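Reviewing the structure listed below.
Only the coordinates and a few stated rules stand behind these numbers; no lab work does. Note that the structure is a prediction, hence the values are computed from the model and not measured. With ideal geometry, Cβ positions are generated from the backbone for all residues, glycine too; neighbour counts draw on all protein chains shown.
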Amino acid sequence: MDRDEFRKFGYELIDWIAEYYDTIENHPVKSRVKPREVMDKLPPNPPNAGESFENIMEDFKNIILPGITHWQSPNFFAYFPANSSMPSVLAELLTSALAVQGMVWETSPAATELEELVMNWLKEMTGIPVYFHGVIQDTASTATLVALLSAREKITSFDVNESGFQSNKYRVYCSTEAHSSIEKAVKVAGFGRKSLRRIQVDEQLRMIPEELEKYIQSDIKNGFIPACVVSAIGTTGTVAIDPLQSVAEICKKYSVWHHVDAAYAGSAMIIEENRKFIEGIEEADSYVFNPHKWMFTNFDCSAYFVKDKEILIRTFEIMPEYLKTAADNQVNNYRDWGIQLGRRFRALKLWFVIRSMGVEGIKEKIRNHITWAKEFAEEIRKEKHFEIHEPQNLGLVCFRLHLPSVPDQEKRNQINKRFLETINNTGKAYLSHTKVHGEFTLRFVVAQTNVTRDHVWNAWKMIKEIAEKFSKNEQ
């Protein structure tokens with residue numbers, strides 16, 4: 001493709017993207033293809049000769065697009081969002097064109113300095129202490145692994161980096177509701193799955209600090225060394241909020257690294273009244289949230305903050321001759337702030353979004369989402385057909401069919417599973433699920449960039465109609 005063709009097809013693609021967003025609600029939110037259907041429609045071998053862009057786009061429209069679940073649809077209420085926005089899309093276009101490899105300051109000074117700037121902006125915007133240091137990771141899963149590796153090196157005086165684990169005596173703690181990425185990170189960091197202690201939760205699914213301290217005391221008594229506690233400001237299942245202040249005090253008492261996972265909920269800290277959820281953050285060692293979830297910035301963009309950047313850098317620093325530069329002592333070289341050597345210019349899209357929307361614009365969207373979720377929850381509470389999980393936090397509502405005539409939990413779970421499938425099969429909305437105390441529970445997340453109150457209300461009317469049919473069938 002020459003530059004004239006690039007210009008021609010580039011204009012066409014921008015038009016297609018704009019049209020896609022204009023008509024996105026015409027697509028079923030959840031893809032309806034069957035397993036292997038996309039693969040079976042494509043040739044098994046690569047082409048020997050290049051194909052025209054027109055032919056490639058035709059296959060994209062006819063084969064790829066039907067296999068897409070439309071995360072940017074305002075009727076997407078599943079999981080947590082992977083949001084985008086028009087400024088972010090345009091910034092990604094520039095990022096792709098520049099193709100920066102921002103491993104060190106010298107390889108693109110603006111990439112490094114803009115990253116430092118926007119991370120400072122995020123601290124100011126969300127109430128993170130100014131003495132924390134920020135770096136963009138790809139995902140919260142990576143940030144959790146970075147935190148565990150840092151905790152590992154701190155507790156071993158950086159000996160594992162030199163000699164590897166000499167014994168399996170270290171322990172990591174999280175609640176039974178914590179994200180699966182913690183278990184993965186424990187494995188990858190070399191602690192081993194058996195080193196992970198899962199702490200009991202209360203009726204609101206929050207970590208119980210007294211139970212955490214009991215585990216820590218028992219492990220110390222039995223010759224183990226507590227290395228890290230991961231608390232959650234918004235669990236994946238129900239957005240349960242662990243008691244951060246109490247956990248922080250325990251971690252400080254026993255000199256344990258404290259990592260705080262606020263992947264989804266962290267963006268909501270831009271609204272001052274939500275900062276009650278992170279009281280005690282000043283005592284944490286590291287903290288992460290994802291602007292790609294609820295700050296309208298394309299995936300992937302995860303904001304990771306650490307109190308002691310020297311521990312972080314010593315954990316990851318490698319200094320081969322070919323990476324040394326004259327500016328090393330004056331700048332951040334973010335290749336030493338995480339796992340990757342190569343780094344995308346992620347700061348650009350975050351900068352575009354914050355400048356385009358402004359702090360107040362971002363606040364307004366998030367505040368609306370929280371308001372509409374609360375309104376949805378109020379409607380759920382009024383209806384005899386439903387049960388709701390309390391408390392309802394931020395933009396998530398967890399609910400299920402109320403089935404008093406069905407005493408068997410497994411049967412109730414199967415009915416609620418069919419209920420969810422029926423909703424999703426309409427193509428008009430997409431919800432996901434979790435289990436709360438063993439009960440299959442639907443999750444309705446109001447957080448998509450372009451969602452409006454009407455979208456929430458229309459989804460509610462459909463859900464209510466389907467629920468009435470299910471309830472009649474089960475009587």
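Per-structure values
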{"read-out": "Order by protection proxy (mean Cβ within 10 Å, highest first), peptides 201-208, 406-413, 358-365, 261-268", "value": "261-268, 201-208, 358-365, 406-413"}
{"read-out": "Volume per residue of the C-alpha convex hull in the stretch 101-344, rounded to whole Å³", "value": "118"}
{"read-out": "Kirkwood Rh in Å, taken over the chain so that all alpha-carbon pairs contribute", "value": "24.3"}
{"read-out": "Per-residue [θ]222 nm for the chain (sum of -39500 (n - 2.57) over DSSP H runs n ≥ 4, rounded to 500)", "value": "-14000 deg cm²/dmol"}
{"read-out": "Cα-projected label distance for D2 with T23, points at 7 Å along beta-carbon direction, nm", "value": "3.2"}
{"read-out": "Long pairs among K34/K365; K293/K428; K309/K374, criterion Cα-Cα beyond 28 Å", "value": "K34/K365; K309/K374"}
{"read-out": "Which of H402, H455, H258 has the fewest Cβ neighbours within 10 Å, and the rest in rising order", "value": "H402, H455, H258"}
{"read-out": "Ranked L90, L341, L42, criterion: other C-beta atoms within 10 Å, fewest first", "value": "L42, L341, L90"}
{"read-out": "Residue exposure sequence - I225, I415 - by fewest surrounding Cβ within 10 Å", "value": "I225, I415"}
{"read-out": "All lysines inside 28 Å of K214 as judged from Cα atoms, apart from same-chain residues fewer than 8 positions distant", "value": "K154, K169, K184, K187, K194, K252, K253, K276, K307, K435"}
{"read-out": "Label-point gap, in nm, between S157 and V406 - each point 7 angstrom along Cα→Cβ", "value": "6.0"}
